[in-house]
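The values are calculated or read from the model by the stated rules, or taken from the named source; none is laboratory data. Source: prediction; values computed, not measured. So basically every Cβ, Gly included, is an ideal-geometry build from the backbone, and we count neighbours across all protein chains shown.
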């Protein structure tokens, strides 16, 4: 630990007091994730000696860090790093990443974006839809990385094929056959994560003023891309079996929409899945109105109830579907790796857009992941993650069933990573977020998943169980329900107060 | 080698003959770089036994590969992989990458984009402005990669700070001080290569119909981005001491240009550098007309004549310069890593654009490169590369001085990686390219560096010495000059032919 501080430079000639410089430096190391949650800071005496400053300087810096929630002290033991939910630095443990990610464009939630929400060691994280880093298969990935460096040497760092490393594309094509999706190495495009996929498609297909249909609510990262491209959003409300196709058709016709962005299975954030009938109808509409469909395969393979949905791409006879899949949710979000299956008539545009975006995705990561699949590590890791997520899903549903409060309803998605709760009309979700955060429970307020057109009833919350440990789920939901009840009682008592 | 073929699946039930399937599979492995140049293919008997096919099948596949230049045979020794310049697959050895990269959007050079140009083991590559993979410091990079996996474990694969890994930003900020560029961890943005930097800036600053000033000729990857954003290009011819600032000002005024894209030192492709006076004048113009300037620091540090140019960013008092630097030219192009220094008033827009592009750059690569700098590997590798490039530069200049043909002129840039030759009016550069390629010498035809507005006299060629080995340079240039002479004589004899 002292090693990290040895290179820290405090400048006595600057106007800023030394304690503030030290505070800033430590804060940055925490924001960054270099200092990981619950690790112990050096002793006051040790750090003062190392940096050649007064002990008071260190005490003052630590006090300020503690006041702001960056660290906590255990009497007689020392000072420890908190698990901070901060916009500035993504946290180290995978906790709070996705919520921050999705909150990034939200400026109307000051209590979130000010970085004042702190995840400490007791926090139950229902906010993040990504695995925690303790589940990352680092040891096996290290093996394949070293094998690749020995095998491919400099080739791993030359410019790569824009489409991606061929053996990886072949591997993926074989994997896709299991889901009855026909693809080949020619129509697979490797991308640096699903977000880049959406960005590349937008560059290839959208011009300023074009219209895009999205579900409502939906993944905010997609909306941000479409808006950045100057496109207009037509959002269509998503129901339990998918969007209302009459409304969708109305928009397609009226606005001559070029693109439909969908997450057909276990949608983010609602967990809803399109019925197989609606999937086929959607494809017909896309063909009739000459639109492309993005099928964002968020987590279709986490199908705990064996609902066996048909992939849009597998039914895509007229070549209208662009299939996107990221490896973040099952593997490691920071890997920045995913792929698309691209209709042949837009393949040239997609290649050009990928090329102008970043030339190609890291060759080292592609080659390592290819070997990771070929050695069988991927299949094993998928089973491992599936079992963990499945257990957490059923724990969550069970806990909700047994302690859900009056007026709160929810939908059992049968798979995925998220459960979408409907609160009673007028329920103060913002207050719930604040109150539960201070009680060490975090979740994603529903409003962050809407584009500009906010619905009248903004009373949802998204509970993700990807980052909540199995043993935390029941106590977490019980506590959350009791906070909801207390807020409802407070509302009721206000309502029942006689008007004087 | 056999290992690679073991997983190759030939399908006897398909209509395509087995030899064609085998030919396709091997071709793909070559295009991809999995089979590296000059490595030997398995024996015909061995491969036939492994794949359980007739030996005739293997012979037929190899013949077709040889006919198309993918492999060559050495009698009594076996069949070897050629070094193929192919658009489909970037080559394995760093040879021919950049030219392909820059040729990517060119569809009027059929002899290049058809992939018919083959680099064999004797080819002298004056086309690529990137190092060859034999110069990549793989062993040291492997050490830091392993250290990072041991040190940071899962944190290396969590979502990262959108701006980049903080310690790396701090490292870079210190490196920049050597060039008198003031920066700090707050205004440095890590990017997945310079190309992504240009793309992000365009997203942050440009809307459809906006005007951008570029040098002419310039890096084609930049032009492709601006056009993809719907911007219009005003190109200003670059002279030996930079662009004509009167013309530049005229365009700024007339078109209300928002952005000026520059490569002020050892420009790509011309090697020209702005005088320090022009640099300061340019900054004044940018301020007067409220434009931002991209300073693409291509290879300013390869300053072999110690010309000591001042960086635009170091003089940027009014915060108008966005500084971009990639590590590709000195380090490894496939690393996909670079950084920008961003003016504070557009920092929010840049962050948002980075986020919608790919959320963040690979944490593993960032952390490994940070450690690579901190352990001193980077400084040593830079010196190593500087010495190699310096030697090649002077060899190139010396050879050109002693054997340049009549009517051909060139400019000594004093640094960088490229020399720009001016051929006599009407000289057939396309024929030269074809003829010299078939004589095992490749270079980049000048026309690929122009946007739509082609100048009347398209008679330049760019010679890069980054991928040409020192001992190849003199014989290569002698041969090139003799081909130029022969083409000139042919032209002369045509001209002197009496009109009958």
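Looking at B:319, B:268, B:246, can you tell me which residue is more than 14 Å from chain A (Cβ to nearest Cβ), surrounded by fewer than 20 Cβ atoms within 10 Å (Cβ to Cβ) and either under 19 Å from the mean Cα position of the chain (by Cα) or not in a helix (DSSP H, G or I) (or both)? Walk me through it before giving the result.
Numbers: B:268 fails: surrounded by fewer than 20 Cβ atoms within 10 Å (Cβ to Cβ); B:246 fails: either under 19 Å from the mean Cα position of the chain (by Cα) or not in a helix (DSSP H, G or I) (or both).
The conditions single out B:319.
Just give me the residues in segment A:356-371 being within 20 Å of residue A:155 (Cβ to Cβ) and in a helix (DSSP H, G or I), in sequence order. Quick ask: steps written out before the conclusion?
Here is the first cut: in segment A:356-371, the residues within 20 Å of residue A:155 (Cβ to Cβ) are A:358-371.
Residues satisfying the conditions are A:358, A:363, A:364, A:365, A:366, A:367, A:368, A:369, A:370, A:371.
Can you tell which of B:10, B:35, B:20 is closer than 19 Å to residue A:167 by Cα and part of a helix (DSSP H, G or I)? So that I can check it myself, show each step before the final result.
Working: B:10 fails: part of a helix (DSSP H, G or I); B:35 fails: part of a helix (DSSP H, G or I).
Residue meeting the stated conditions: B:20.
Of the residues that make up segment B:202-213, is at least one at pLDDT 95 or above, closer than 30 Å to residue B:316 by Cα, within 8 Å of chain A (Cβ to nearest Cβ) and part of a helix (DSSP H, G or I)?
Checked segment B:202-213: at least one residue is at pLDDT 95 or above, closer than 30 Å to residue B:316 by Cα, within 8 Å of chain A (Cβ to nearest Cβ) and part of a helix (DSSP H, G or I).
Here are some conditions: (1) within 14 Å of chain B (Cβ to nearest Cβ); (2) touching a helix residue (DSSP H, G or I) at 6+ places or on another chain (Cβ under 9 Å). Residue A:197 meets all but one. Which one does it not meet?
(2)
Here is a list of conditions, (1) surrounded by 24 or more Cβ atoms within 10 Å (Cβ to Cβ); (2) over 21 Å from residue B:302 (Cβ atoms), and residue B:340 meets all of them except one; can you say which number that is?
Among (1) surrounded by 24 or more Cβ atoms within 10 Å (Cβ to Cβ); (2) over 21 Å from residue B:302 (Cβ atoms), residue B:340 violates only (2).
Residue A:152 - would you say it is more than 22 Å from the chain's Cα centre (by Cα), at the interface with chain B (Cβ under 9 Å from one of its Cβ atoms), at pLDDT below 95 and outside any helix (DSSP H, G or I)?
On the way: more than 22 Å from the chain's Cα centre (by Cα): yes; at the interface with chain B (Cβ under 9 Å from one of its Cβ atoms): yes; at pLDDT below 95: yes; outside any helix (DSSP H, G or I): no.
Taking the combined requirement at face value, the residue does not satisfy it.
Considering only segment B:22-33, how many residues are farther than 19 Å from residue B:120 by Cβ and either without any contact (Cβ under 8 Å) to a residue 40 or more places away in the chain or out of contact with any helix residue (DSSP H, G or I) (no Cβ under 8 Å at 6 or more places or on another chain) (or both)?
3
Just the residues that are away from chain A (no Cβ under 13 Å) and surrounded by 18 or more Cβ atoms within 10 Å (Cβ to Cβ), please, taken from segment B:378-404.
Restricting attention to segment B:378-404, the residues satisfying the condition of being away from chain A (no Cβ under 13 Å) are B:378-380, B:382-404.
Within segment B:378-404, B:378, B:385, B:389, B:392, B:393, B:395, B:396, B:397, B:399, B:400 qualify.
What about residue B:172, is it within 24 Å of residue B:262 (Cα to Cα), assigned to a helix (DSSP H, G or I) and within 10 Å of chain A (Cβ to nearest Cβ)? Show your work before the answer.
Details: within 24 Å of residue B:262 (Cα to Cα): yes; assigned to a helix (DSSP H, G or I): yes; within 10 Å of chain A (Cβ to nearest Cβ): no.
No; evaluated as a whole, the condition is false for this residue.
Residue under question is residue B:142, and the condition is that it be surrounded by fewer than 19 Cβ atoms within 10 Å (Cβ to Cβ), within 8 Å of chain A (Cβ to nearest Cβ) and either in a helix (DSSP H, G or I) or in contact (Cβ under 8 Å) with a residue 60 or more places away in the chain (or both); does it hold? Quick ask: steps written out before the conclusion?
Working: surrounded by fewer than 19 Cβ atoms within 10 Å (Cβ to Cβ): yes; within 8 Å of chain A (Cβ to nearest Cβ): yes; either in a helix (DSSP H, G or I) or in contact (Cβ under 8 Å) with a residue 60 or more places away in the chain (or both): yes.
Answer is yes for this residue.
Out of A:407, A:430, report the one residue that is modelled with pLDDT under 90, surrounded by fewer than 17 Cβ atoms within 10 Å (Cβ to Cβ) and at positive phi.
A:407
Are any of the residues in segment A:355-362 more than 30 Å from residue B:138 (Cα to Cα) and either touching a helix residue (DSSP H, G or I) at 6+ places or on another chain (Cβ under 7 Å) or free of Cβ contacts under 8 Å to residues at least 12 places away in the same chain (or both)?
No, segment A:355-362 contains no residue that is more than 30 Å from residue B:138 (Cα to Cα) and either touching a helix residue (DSSP H, G or I) at 6+ places or on another chain (Cβ under 7 Å) or free of Cβ contacts under 8 Å to residues at least 12 places away in the same chain (or both).
Considering only segment A:38-51, state which residues are under 14 Å from residue A:74 (Cα atoms) and either in a helix (DSSP H, G or I) or out of contact with any strand residue (DSSP E or B) (no Cβ under 6 Å at 6 or more places or on another chain) (or both). Outline the logic, then answer.
So the first thing to find is which residues in segment A:38-51 are under 14 Å from residue A:74 (Cα atoms), and the list is A:38-44.
Across segment A:38-51, the qualifying residues are A:42, A:43, A:44.
Name every residue in segment B:202-243 that is at positive phi and surrounded by fewer than 22 Cβ atoms within 10 Å (Cβ to Cβ), in order of residue number. Step through it out loud before you land on a result.
Just the residues of segment B:202-243 that are at positive phi, to begin with: B:209, B:230, B:242.
Scanning segment B:202-243 gives B:209, B:230.
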